[in-house]
1. Taking the conditions exactly as written (buried (at least 17 other Cβ atoms within 10 Å of the Cβ), touching a residue at least 24 places away in the same chain (Cβ under 8 Å), within 38 Å of the chain's Cα centre (by Cα) and closer than 30 Å to residue 439 by Cα), does residue 513 satisfy them or not?
2. Can you list residue pairs whose Cβ atoms sit under 6 Å apart, with the first residue in region 362-378 being among the hydrophobic types (A, V, I, L, M, F, W, C) and the second being outside any strand (DSSP E or B)? Count only pairs 6 or more apart in sequence or on different chains.
3. Can you tell me which residue in region 244-279 is farthest from the chain's Cα centre (by Cα), limited to those that are over 29 Å from residue 358 (Cβ atoms) and of a type in the set (A, V, I, L, M, F, W, C)?
4. Only residues that are in a loop (DSSP other than H, G, I, E, B) and touching a strand residue (DSSP E or B) at 6+ places or on another chain (Cβ under 8 Å): list them for region 35-55, please.
5. Pick out the one residue from 144, 156 that is assigned to a strand (DSSP E or B) and either acidic (Asp, Glu) or modelled with pLDDT under 75 (or both).
6. Of all the residues that make up region 325-335, how many are crowded, with 16+ Cβ neighbours inside 10 Å and either at pLDDT 95 or above or not small (Gly, Ala, Ser) (or both)?
7. Against the definition (closer than 28 Å to residue 500 by Cβ, surrounded by 15 or more Cβ atoms within 10 Å (Cβ to Cβ), over 38 Å from the mean Cα position of the chain (by Cα) and assigned by TED's automatic domain parsing to the domain that holds residue 495), how does residue 578 come out, yes or no?
Amino acid sequence: MFFRIIILTMLFLMTGASAGYASVLSMKGETRDLPVNFTAKALSSDDVKQTVTAVGDVELMQGKQILRADRIVYHLNEDRVEATGNVSLLDESGDVHFAEAVELHNNMKDGFVRELLSLLADGSRFTAGEARRENDGKRTVMVDATYTVCRVCEADPHPLWQIKADKVVHDADTKKVNYKNARLELMGMPVAYSPIFSHPDPTLKRKSGFLRPEYGWTTELGTHLKVGYYYDIAPNRDMTLQVEPTALAGTLVEGEWRERFKNGKLQINVSTANSDRKEEDGRVETSRQRGHIVAEGLFDLNDMWRSGVSFSRSTDKEYLRLYDISRENVLNSQIYAERFSGRDYSRISAFGFQDVRLGVRPDQPYIFPMMEHTMIGEPNSLLGGRWQIGASALGLVRDSDSQDVQRASVTAGWERRDVSSLGLVTVAALDGRGDVYGVQNSDAADIDPALDSNPETVRGMVTASVISSYPMVRPMRRSQIIIEPSVGVSVSPMVNEKNDIIPNEDSIDIQFDTNNLFSENRYPGIDRQEDGGRLNYGVKAGWYGDDGRYGRIFLGQSYRFYGDMIFPEGSGLEDRHSDFVGQIKIGLSKYMDVDYRFQLDNDTLATRRHEIQAGGGNDRFRLEGRYLYTAAVAGTGFTESRQQIQTGGTYNITKSWKFRASGLMDLGDQPGLRNASTGIDYSDECFTFSVMGSRNVADEASGDDETKLIMRIGLRSIGEFSAPEILLGGDQLIKPPGK
């Protein structure tokens, strides 16, 4: 289209031209009108040869396209254009093309270019001694071609890497680029060669073909090689098949199916292998057929309803980690449907779980059904506040002779927020709920035979609460100080006398901190409700600079007016006066940030929990760390204190080189290193290189006890090449075969 405009411009100028002549035309293109600017020092025509010639700083501009040349000749009879001498073209995408000579014919569809250099907008470049466009512009052939994304300077004409080829052919119909005698050069030295090589062109998002092989060696698998094939079935459907023979653990076969529908999507991953299986007690079961499946789907039913399904299953606990398929501890399967309508939300679902952690674990229940529906009113829609109504139902089903639970609940609430003329902020709330429970094979009856093994009970409660805070602000020259005391009161009837009947399925793990100090219920779930009267109070103080720096501190406590001590020992809420909880946060721009949370015994101020996350550095160095200590909480499964420290850091040695390291250390009852890693990276505009080593410490039966060494080389826009992974089991120093 652009060269058609050039011809028409020249024909227009044949009526009269002189040195320095300039004209602006409006030519109608296929989709829009585009003005054309044309300048040249001289313009002439030859009636005998039927040519039009423009000479001297010839420049044509259309939109964002600019063509420059020393000389342009149009052959009228042959419909052929020649541009010679410092030819350059800036196209609409920002790419710049240079050539010594350009010749176009066949309505400008076909042509020839000599000594081509293209600088693309993404920073890459290619060259060719000659380039031809054939078959009505559908086939492009380049001879003596190179490609790179590295910068090239006159002092050193060799880029860090480039691909050279005797011949490169791009077929627009098949969307394929073919190379003949392709060579990969690093700093001018050839390092790889392929007589034929091909890949899809950039306009094609995907194409069937073999995947890059992966290879390595581990103590559990031995030498292994993974090869795969990607099959592009249709625009909305594809499949991948991979085969991984191993020396010690059979042959792993993996498959993936992906498909998109008009109203949804589906993805299925499966694998299988025949290999020995190591049990937790040290036994080895030989020649077992093992495998896994993961399936996920999501479908829109209409404008308000959608449904989904996910299914994850493995034949045994070790399989997924052994073959490095997944590191999940619990596999989750579910099917659900949900509805969105304004502020209303509805959902019905069913869940299944598979625990793949080592050790004796409690039976995971099936959840069927789980239903919920919530409705939220508009602001100020009821007595100046907002109302909320909800209903839910839950069924937990286990294997025979194990505890099953059914629960139905209804909730209603109202909340209003007011700010007085003096700045006092008050939030008043009224919440009510009712729960109906049915239990079969009660665990509590196994402990106390006097209890009914199949109880049914009803529980109801109403909670009224008021929280008031009074923020006080003192402006300073370049900052401000804010002090905000807060007090909250919650009152509800005594309902926990039925705790021996109602099983506790969702309120076991209790953590008392600043986030739930003012909550009406400090239990994380529904099965346990905080009753009685309680007073919550705290104070927050902070300094905030105009430049974004800040420092703030919060300290609070809770007091129960009456009622039994319903929280477990160690939770911080077992006494009338709760433990003190607090938080200190400091932010000094990018140079330092600290977040420290703590829980102190209400009588002795002894530490119950410390949790600190901190990071700091500058443009060259960054160090981050996390320390956690928490005491045991009775009845939660954490019967021992936990203590660990995790650190990580990076150091930019130069603009291109970076060093990184991280580690996790257990400081509890069984201290020791849990994992550590270190590595060094190099990166510039066209090349990446990294070496990384890591050590994980776990039970051998988990398949996660290993030391890993990995080296990667990446060529921007081409791909990444990985050296073999060398994995060392335990403390053994094992070399690859033949070394």
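The values are calculated or read from the model by the stated rules, or taken from the named source; none is laboratory data. Just so it is clear, the structure is predicted and the values come from calculations on it, not from any experiment. Note that we place each Cβ from the backbone using ideal geometry, even for glycine, and neighbour counts take in every protein chain shown.
1. no
2. From region 362-378, the pairs are 376/343.
3. Looking at the filtered set, the residue picked out is 261.
4. 40, 41, 49, 50
5. Exactly one of 144, 156 is assigned to a strand (DSSP E or B) and either acidic (Asp, Glu) or modelled with pLDDT under 75 (or both), namely 144.
6. Final tally of qualifying residues: 5.
7. Against the criterion (closer than 28 Å to residue 500 by Cβ, surrounded by 15 or more Cβ atoms within 10 Å (Cβ to Cβ), over 38 Å from the mean Cα position of the chain (by Cα) and assigned by TED's automatic domain parsing to the domain that holds residue 495), residue 578 qualifies.
A quick yes/no check of all residues on (1) among the small types (Gly, Ala, Ser); (2) surrounded by fewer than 17 Cβ atoms within 10 Å (Cβ to Cβ); (3) part of a strand (DSSP E or B); (4) modelled with pLDDT of 95 or more:
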position	(1), (2), (3), (4)
338	no, yes, yes, yes
361	no, yes, no, no
370	no, no, yes, yes
373	no, yes, yes, yes
386	no, no, yes, yes
391	yes, yes, yes, yes
394	no, no, yes, yes
401	no, yes, no, no
406	no, yes, yes, yes
